[in-house]
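The values are calculated or read from the model by the stated rules, or taken from the named source; none is laboratory data. Quantities reported herein were computed from a predicted structural model and do not represent experimental measurements. As a convention, Cβ positions derive from the backbone with ideal geometry for all residues, glycine included, and neighbour counts pool all protein chains shown.
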Amino acid sequence: MNTNESAATSYTTLRGDSVHELEIKRSRFITYLYRVETEAEARNRIAGLRKTHFDARHHCTAFILGPDRMTQRSNDDGEPSGTAGIPMLDALAKRDLPDQSHLSDTLAVVVRYFGGIKLGAGGLVRAYSEAVSSGLDHASLLRRQRLRIFTLPASHALAARYENELRAAGYQIEPTHWEADAALVHIGIPDTPEAAEELRVHVAALTAGAGELATATTRWVDLI
């Protein structure tokens, strides 16, 4: 594996942005969830909400980025230390998902309008954790998967047949590269040793042992 590639080959993220509101002891907790891929993008989203909700007392934040979740940040934004950002981050990081995946590339911003009743440290921890968890309950999620793209050289006469038969077998067929005297069929598979071995066996049968697979690149895709 390329040393620049993540150890994870799949993870879960948001299908789209969402917003959900809770009222706890007269305080309004408005949770915004965004799909983001960079820290700069996350901070731009946060800055935008500060302008939209300029009259709110707090704009607490947490985000997790990357397939391996190497970037994790949180901010209490004026709430007592440890009562907002960290509970929000925990709600993202420890989210139970049915496929035992993990959540990433996700930003949570909880905008709080103070209702006049103090919640205490424990109450704030529960409120911010619940705000993010409830927001995720109402959000739509999807799985991302890293594909490894293999190339299969073929004559012009055989390339179309290889494409059709591989596609019929359930493989992801990327655009074929046509050269003057041959073609390169591109095949995308889940980036696992098992999937690679299965492809090699299939290609060997398809080409009567003449096909020689080579690795081209990898890319991340959303699974619909």
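At a glance:
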quantity	calculated
Criterion (in a strand (DSSP E or B), hydroxyl-bearing (Ser, Thr, Tyr) and modelled with pLDDT of 95 or more) met by exactly one of Ser129, Ser74, Ser81	Ser74
Which listed residue is closer than 14 Å to Leu124 by Cβ, buried (at least 22 other Cβ atoms within 10 Å of the Cβ) and not assigned by TED's automatic domain parsing to the domain that holds Arg148, from Arg112, Arg57	Arg112
Filtered residues of region 11-37 (kept if surrounded by fewer than 18 Cβ atoms within 10 Å (Cβ to Cβ) and out of contact with any strand residue (DSSP E or B) (no Cβ under 8 Å at 6 or more places or on another chain))	Lys25, Arg26
Residue among Ala154, Ala159, Ala139, Ala180 that alone is farther than 19 Å from Thr218 by Cα and surrounded by fewer than 16 Cβ atoms within 10 Å (Cβ to Cβ)	Ala180
Selection within region 1-52 - among the hydroxyl-bearing types (Ser, Thr, Tyr) and free of Cβ contacts under 8 Å to residues at least 24 places away in the same chain	Thr3, Thr52
Filtered residues of region 168-224 (kept if assigned to a strand (DSSP E or B), of a type in the set (Asp, Glu) and under 17 Å from Ala154 (Cβ atoms))	Glu174
Meets criteria (outside any strand (DSSP E or B), within 19 Å of the chain's Cα centre (by Cα) and of a type in the set (A, V, I, L, M, F, W, C)) for Ala47	no
Among (1) in a helix (DSSP H, G or I); (2) exposed (fewer than 14 other Cβ atoms within 10 Å of the Cβ), the one test that Leu97 misses	(1)
Among (1) among the charged types (D, E, K, R); (2) at pLDDT below 95; (3) out of contact with any Lys or Arg (no Cβ under 9 Å at 6 or more places or on another chain) - the single one Glu23 does not satisfy	(2)
Verdict on Asp77 being among the charged types (D, E, K, R), in contact with a strand residue (DSSP E or B) (Cβ under 8 Å, 6 or more places away or on another chain), surrounded by fewer than 20 Cβ atoms within 10 Å (Cβ to Cβ) and more than 21 Å from Asp137 (Cβ to Cβ)	yes
Residue check for Leu152: closer than 27 Å to Glu5 by Cα, in contact (Cβ under 8 Å) with a residue 40 or more places away in the chain and under 28 Å from the mean Cα position of the chain (by Cα)	no
The one condition in (1) among the charged types (D, E, K, R); (2) within 30 Å of Arg35 (Cα to Cα); (3) at pLDDT below 90 that Asp181 fails to fulfil	(2)
